[in-house]
Amino acid sequence: MSKPLGIGVIGCGNISAAYMRLAPMFSGIEMRACADLAAEAAHARATEFGLRADTIDGLLAADDIDIVVNLTIPAAHFKVSRQILEAGKHVYSEKPFVLSREEGAELARIAAEKSLRVGSAPDTFLGGAHQLARHLVDSEAVGRITSGTCFVQSPGMEMWHPNPDFFFQPGGGPILDLGPYYLSNLVQLLGPVKRVCAMSSSAWEYRTITSEPRAGETLKVETPTTIHAVMQFHSGAQITYCASWDVWQHGHSNMELYGTSGTLHVPDPNFFGGEVRMTEKSSFTNGTPAWDHPFGRTNEDGRANYRAAGLADMAQSIINDRPHRCALEFALHVVDVMTSILASGETGQFVEIETSCERPTALGIEDARRLLA
Ligand SMILES: NC(=O)c1ccc[n+]([C@@H]2O[C@H](COP(=O)([O-])OP(=O)(O)OC[C@H]3O[C@@H](n4cnc5c(N)ncnc54)[C@H](O)[C@@H]3O)[C@@H](O)[C@H]2O)c1
């Protein structure tokens, strides 16, 4: 095996702990240093995970760092990723990696000019459950998928995140914040989207934080928090997609795909695992095919959590000179779909999607094993 690539992190907030904790599970990557606008945040994570705390400039100039993971807030993703590329390093960003097609095209231009890679979360579609769904769609286990539904609805984020402001600013909201999980999975299963239409609203103009340490503070809501969209895929499938942070409780499944000979129930694409259920015509089959996928196994708090799988896949793709799965073209198409849904919500018009992408290569059981240390 070649030497692992050195990983540095910019943005040492909430999610950085998961990357730092889970990275040692994978081969091809070695977490080495971290930096943040707030030096104390970098020092705290460095101490917790035995890394080097650095300044942002120091990390970007470091010879032992090949890929920089951008875990800053959405509004900073583009600027920080551009800085990383300009420093001559590959970048892997949290979602959404940009907030517009133009920003994505600019990163693509710099990356091509410098022969660097850009990758983006989410990587949950590489999870065992979603790769089983992929296998079932590709093998036409329920025939051709003609339609489906996707629901991601909750009361919001201000009751758990310590710093929830960014969720309610442009760049946040249930479409740009959570949409990447659901739309990436739909695009990996069904291929690119052709056109969308949507309606959007917000139940509240202001919301009160109930999580510590800022409980009692008020937030202004500056992006829609309830969006109902319909998407038409190039495959011909049409999917209803409802995303909201104004719903206390609902009874819809996260994702259902209706095929010409049966139905596929896909578990929550926000997570790697879960149960895939399938019907033959209207009857549930007795379980799904045997599928012991490494990224479907429970490993943390009763769930399968393989966050950083997409980063490891990108590192191994660089080492082995092959395309990576959480690729810029794929993530940019998803951003295009999300921003088009928001635009349709504002104008009431259908929006034709200008970008397209290849589906990421399926990650079979053996492929997933190779990503693990
Ligand atoms: N928290 C989660 O459970 C979670 C899960 C999945 C994905 N994400 C995504 O990860 C990203 C970060 O989320 P988080 O919850 O860790 O946010 P956070 O607010 O907890 O942390 C963000 C960190 O980035 C730093 N930062 C902001 N702008 C910066 C800049 N320009 N340069 C350097 N550092 C900067 C902040 O100081 C902060 O420490 C978001 O895009 C979010 O959508 C979060």
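Examine segment 161-176 for a residue that is over 19 Å from VAL334 (Cα atoms), assigned by TED's automatic domain parsing to the domain that holds ALA229 and away from the ligand (no atom under 15 Å from the Cβ), and state whether such a residue exists. Within segment 161-176, not a single residue is over 19 Å from VAL334 (Cα atoms), assigned by TED's automatic domain parsing to the domain that holds ALA229 and away from the ligand (no atom under 15 Å from the Cβ). Taking each residue of segment 64-79 that is touching a residue at least 12 places away in the same chain (Cβ under 8 Å) and of a type in the set (D, E, K, R) and looking for partners that are more than 7 Å from the ligand (Cβ to nearest atom) and in a helix (DSSP H, G or I) with beta-carbon atoms closer than 9 Å, six or more apart or interchain, yields ASP66/ALA315; ASP66/ILE318. Scan segment 261-269 and give yes if some residue there is not β-branched (Val, Ile, Thr) and not in a loop (DSSP other than H, G, I, E, B), otherwise no. Looking for residues that are not β-branched (Val, Ile, Thr) and not in a loop (DSSP other than H, G, I, E, B), one finds at least one in segment 261-269, hence yes. The C-beta contact set for segment 162-185 (first residue among the hydroxyl-bearing types (Ser, Thr, Tyr), second residue outside any helix (DSSP H, G or I) and within 8 Å of the ligand (Cβ to nearest atom), distance under 7 angstrom, 6+ apart or interchain) comprises TYR181/PRO122; SER184/PRO122. Within the set GLY262, GLY273, the sole residue that is in contact with a strand residue (DSSP E or B) (Cβ under 7 Å, 6 or more places away or on another chain), within 26 Å of ASN14 (Cα to Cα) and surrounded by 18 or more Cβ atoms within 10 Å (Cβ to Cβ) turns out to be GLY273.
Does at least one position in segment 343-354 carry a residue that is closer than 20 Å to LEU178 by Cα, of a type in the set (Ser, Thr, Tyr) and surrounded by fewer than 23 Cβ atoms within 10 Å (Cβ to Cβ)? The answer is yes, given that some residue of segment 343-354 is closer than 20 Å to LEU178 by Cα, of a type in the set (Ser, Thr, Tyr) and surrounded by fewer than 23 Cβ atoms within 10 Å (Cβ to Cβ). Is one or more of the residues making up segment 189-210 polar (S, T, N, Q) and modelled with pLDDT under 95? Scanning segment 189-210, I find no residue that is polar (S, T, N, Q) and modelled with pLDDT under 95, so the answer is no.
Considering LEU99, LEU176, LEU190, LEU116, which residue is surrounded by fewer than 22 Cβ atoms within 10 Å (Cβ to Cβ) and under 16 Å from the mean Cα position of the chain (by Cα)? LEU99 is the lone residue from the list that is surrounded by fewer than 22 Cβ atoms within 10 Å (Cβ to Cβ) and under 16 Å from the mean Cα position of the chain (by Cα).
For segment 86-96, a residue qualifies if it is within 15 Å of the ligand (Cβ to nearest atom) and either hydrophobic (A, V, I, L, M, F, W, C) or surrounded by 18 or more Cβ atoms within 10 Å (Cβ to Cβ) (or both), and the qualifying residues are ALA87, LYS89, VAL91, TYR92, SER93, GLU94, LYS95, PRO96.
Listed by first and then second residue, the pairs linking a residue in segment 231-249 that is more than 19 Å from ASP268 (Cα to Cα) to a residue that is among the charged types (D, E, K, R), with Cβ atoms under 7 Å apart and 6 or more places separating them unless they lie on different chains, are GLN232/LYS194; GLN232/ARG195; PHE233/LYS194; HIS234/LYS194.
Residue by residue, here is whether (1) more than 16 Å from the ligand (Cβ to nearest atom); (2) at pLDDT below 95; (3) touching a helix residue (DSSP H, G or I) at 6+ places or on another chain (Cβ under 6 Å) holds:
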site	(1), (2), (3)
PHE295	yes, no, yes
ARG307	no, no, yes
GLN316	yes, no, no
ARG325	yes, no, yes
LEU328	yes, no, yes
HIS333	yes, no, no
THR339	no, no, no
GLU352	yes, no, no
ALA362	yes, no, yes
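A quick yes/no check of all residues on (1) touching a Lys or Arg at 6+ places or on another chain (Cβ under 7 Å); (2) more than 30 Å from THR263 (Cβ to Cβ); (3) basic (Lys, Arg):
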| position | (1), (2), (3) |
| --- | --- |
| ALA75 | no, yes, no |
| LYS95 | no, no, yes |
| ALA141 | no, no, no |
| ILE145 | no, no, no |
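Of the residues that sit in segment 1-25 and are in contact (Cβ under 8 Å) with a residue 60 or more places away in the chain and away from the ligand (no atom under 16 Å from the Cβ), which one is surrounded by the fewest Cβ atoms within 10 Å (Cβ to Cβ)? Going through the qualifying residues, I end up with SER2.
Filtered by the rule that a residue be outside any loop (DSSP other than H, G, I, E, B) and either in contact (Cβ under 8 Å) with a residue 24 or more places away in the chain or under 17 Å from ALA62 (Cβ atoms) (or both), segment 26-43 gives PHE26, ILE29, GLU30, MET31, ARG32, ALA33, CYS34, ALA35, ALA39, ALA41, ALA42, HIS43. When ALA129, ALA111 are screened for being within 29 Å of LEU183 (Cβ to Cβ), away from the ligand (no atom under 15 Å from the Cβ), touching a residue at least 60 places away in the same chain (Cβ under 8 Å) and crowded, with 21+ Cβ neighbours inside 10 Å, only ALA129 passes.
The values are calculated or read from the model by the stated rules, or taken from the named source; none is laboratory data. Predicted model, so just to flag it, every value in this text is computed and none were measured. All Cβ positions, glycine included, derive from the backbone under ideal geometry; neighbour counts span all protein chains shown.
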